Amino acid sequence: MGGAGFRPDAAVPRAGVVYLVGAGPGAADLLTLRAYRLLRGAGVVVHDRLVSAEILALAPADALRIDVGKSPARHCLPQAGINALLVRLAREGRDVVRLKGGDPFVFGRGGEELAALSAAGIACEVVPGVTAALACAAQAGIPLTYRGVARAVTLVTGHTRGGELDIDFDAFSRPGVTLAVYMGCATLPRLRAGLLAHGLSRDTPAALVERGGTARQRTLRGTLETVVDAAPAWVTDGPVLALVGAAVGLATPDLAHAVAAAG
C-alpha cells in the first residue's frame, strides 16, 4: 500500500542538541570545565570570528568546523542564516557546539539563537562563559566595583543605530557607576561627547583594554579626555573594551605583566 521505498520499520533520526557555549575572552584555560568537555567531544563546531585558534584546536581533528563570524566589514552569514544552519544541523541528528566569544547572552545574540531553536523544537543548552568586561578588568587589575566608589556596573554596546549611539547617557553619567563599553572603538568620540554633555567630568578615569583575557592583552590608562584622544594611534587589530568610571582610577599594574615579572 505504501509508495516505493516506504519502510514502516525505519527509525526516525534522532534530532541533535545544540549547545550555546561561551568561549570566554580567548585563553583556553578560561573556559569552563563544561565548555571544555563539550568541545573535546564535539562533532560539529559552529564558531564566531573572535574564538581563538587555541580554543578551536581543542575540538577533535575530524570535527566539522564552520566559521560564521561577523565583523564590521565582513558578514559571511547573516544571523537568520546562522539560526537556520543550527536548526538544519540538529535536524540531521548532529549535536552542535555553537561557540561564541565571551558569554552567549552578553552581546552575543545567543538569545536570538535560543529563540529560533526553541521555535523549531530543537533541544538547546546554554553554557556560560567569561565575558570581556570581567576578563579585561581582572587581568588589568581594574576593579569594576569598589566600596564607597562604585556600586554598579553597566555593560553597553558601542554599536550605533542609524548612526547614533542608542544609550542612556544620563543614567551612565551618574556617580558610582563603572561603564564597560563593548565594540565601541569607532564611536569613542561620540561616547565621550554624550557623557560630557550629561555632566561627567573630562578627568573621569578611563581605560582601553585590547585583546583582553589573552596573553596579548594591553591596556591604555588615562582619563575620559586623554584615552579617547589617544585611541586612534594606540589601537591595533584586536577587540577593544572601554572602561569609564571612578573605580577605573584605582587600578593596579596589569596582572599579566606582574605575573611575567614574578616568573
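The values are calculated or read from the model by the stated rules, or taken from the named source; none is laboratory data. Just so it is clear, the structure is predicted and the values come from calculations on it, not from any experiment. Glycine gets a Cβ as well: all are built from the backbone with ideal geometry, and neighbour counts include every protein chain shown.
Just a few scattered comments:
- Restricting attention to the stretch 1-25 and to residues that are modelled with pLDDT of 90 or more and in a loop (DSSP other than H, G, I, E, B), the residue that is surrounded by the fewest Cβ atoms within 10 Å (Cβ to Cβ) turns out to be G16.
Results for (1) crowded, with 17+ Cβ neighbours inside 10 Å; (2) at pLDDT below 95; (3) of a type in the set (F, W, Y), shown as yes or no for each residue.
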site: R174; (1), (2), (3): no, yes, no
site: L179; (1), (2), (3): yes, no, no
site: R221; (1), (2), (3): yes, no, no
site: D229; (1), (2), (3): no, no, no
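- Residues that are exposed (fewer than 14 other Cβ atoms within 10 Å of the Cβ), modelled with pLDDT of 95 or more and assigned to a helix (DSSP H, G or I) within the stretch 35-53 comprise R37, R40, listed in sequence order.
- The listed residue being assigned to a helix (DSSP H, G or I) and either in the same structural domain as G249 (by TED's automatic domain parsing) or among the aromatic types (F, W, Y) (or both), out of T219, T187, T214: T187
- Taken over the stretch 173-199, the criterion of being over 30 Å from A53 (Cα atoms) and either in contact with an Asp or Glu (Cβ under 8 Å, 6 or more places away or on another chain) or free of Cβ contacts under 8 Å to residues at least 40 places away in the same chain (or both) is satisfied by S173, R174, P189, R190, R192, A193, G194, L196, A197, H198, G199.
- Checking each residue in the stretch 86-104 for being out of contact with any strand residue (DSSP E or B) (no Cβ under 7 Å at 6 or more places or on another chain) and either among the polar types (S, T, N, Q) or surrounded by fewer than 23 Cβ atoms within 10 Å (Cβ to Cβ) (or both) picks out V87, R88, R91, E92, G93.
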